[in-house]
Amino acid sequence: MPGLPVNTDLLRRMLVGFVRDEVHKVGITKAVLGLSGGIDSALVVFIAAEALGPENVHAVCMPYKSSNPESEAHARLVAQACGVNFSVVPITPMVDAYFEMFPDADNMRRGNKMARERMTILFDHSALLGALVLGTSNKTELLLGYGTLYGDMASALNPIGDLYKTHIWQLSEAMGVPGAVIAKQPSADLWAGQTDEEELGFSYRQVDELLYRMVDQRLTRDELLESGFEAGFVDSIYKKVQNSHFKRRMPVIAKVSHRTIDRDFRYSRDWGR
């Protein structure tokens with residue numbers, strides 16, 4: 001259950017092994033990821049550094065002009081703590097150049113553009129460095145659809161996509177992520193003063209308890225209500241999970257042959273590997 005401790009030692013070994021195996025099996029030794037100063041990317045940096053060696057991990061901080069300066073400071077703190085390569089690539093010039101044509105764009109459009117701009121930079125660095133892009137979206141965000149398709153939700157590998165936010169906090173403490181990063185309010189830092197929980201309208205710990213029972217334990221709506229969850233909360237989370245399903249799968253391909261990619265032709269073993 002998310003509210004209870006997990007076996008962080010076992011979880012650490014599993015995720016470190018996952019990153020090491022998945023990166024090396026394609027003939028690559030390096031990884032690159034966006035380091036925002038938040039806990040999710042910080043944990044992935046720690047996992048990657050242990051899996052591949054810090055010299056093979058490249059963390060890129062990509063601030064916008066309205067980003068909180070604390071975010072870059074925390075990103076530097078994390079990079080120094082585990083010894084990975086660190087660089088800063090501001091995204092203000094490219095984002096502002098685009099929105100000069102759309103000055104009335106709202107925060108959602110601007111935030112989505114920032115997230116996708118950051119991912120284009122990471123995939124360019126992937127080509128530059130010969131490195132795989134690591135994702136930093138956790139299970140809570142993925143289930144709620146709280147992320148940008150082809151932005152922060154894009155990656156080659158995601159070591160933390162099956163960890164609820166509650167577990168992210170627990171494993172981060174066990175792996176030595178700096179306390180200032182663990183204790184801060186979760187934020188995508190897409191605009192001044194933005195916090196995840198204020199935008200969502202509930203706390204991560206609260207929704208993790210519901211999602212665990214809803215998804216992992218497969219409790220029915222009636223069973224969830226009997227467990228003490230309010231009907232409005234249950235229904236709103238059901239809706240978020242259902243409406244964001246398109247974000248959790250590859251683009252749907254129209255099937256016109258016997259072997260359709262991602263449906264009948266999925267695995268490398270189909271070609272003897």
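Just so it is clear, none of the values below were taken in a lab; they were calculated from the coordinates. In this text, all values refer to a predicted model and were calculated from it rather than measured experimentally. All Cβ positions, glycine included, derive from the backbone under ideal geometry; neighbour counts span all protein chains shown.
Some points to look at:
- Highest mean packing comes first when the peptides 7-13, 70-76 are listed by Cβ atoms within 10 Å, giving 70-76, 7-13.
- Distance from the alpha carbon centroid of the range 89-110 to that of the range 132-175 works out to 25 angstrom.
- Packing rank of 28-39, 218-229, where each peptide gets the mean count of other beta carbons within 10 Å, highest leading: 28-39, 218-229
- Value at 222 nm in deg cm²/dmol, rounded to 500, when DSSP H runs of n ≥ 4 in the chain each add -39,500 (n - 2.57): -14500 deg cm²/dmol
- The orientation-averaged shadow of the Cα convex hull for the range 119-234, equal to a quarter of the hull surface, comes to 8.9 nm².
- Cα pair distances exceeding 17 angstrom across the range 91-145, given as percent: 52 percent
- Relative contact order, percent, the chain [alpha-carbon distance under 8 Å, six or more residues apart]: 21 percent
- Selection from I237, A48, G201, by position along the positive dipole direction of the chain (Cβ): A48
- Between the range 34-59 and the range 238-267, the Cα center-to-center distance that results, in Å: 30 Å
- Under Stokes-Einstein, with the Kirkwood radius over Cα pairs as Rh, the value for the range 1-95 at 4 °C and 1.567 mPa s is 91 µm²/s.
- Within the shell of other residues whose beta carbon sits under 12 angstrom from the beta carbon of L52, the net charge comes to -2, with Lys and Arg scored +1 and Asp and Glu -1.
- The Cα-based radius of gyration of the range 8-267, divided by its Kirkwood radius, gives an Rg/Rh of 0.97.
- Highest to lowest packing among 106-114, 135-143, 86-94, 150-158, scored as the average C-beta count within 10 Å: 135-143, 150-158, 106-114, 86-94
- Note on the range 8-267: with charges restricted to the Cβ of Lys and Arg (+1) and Asp and Glu (-1), its dipole about the Cα centre is near 900 debye.
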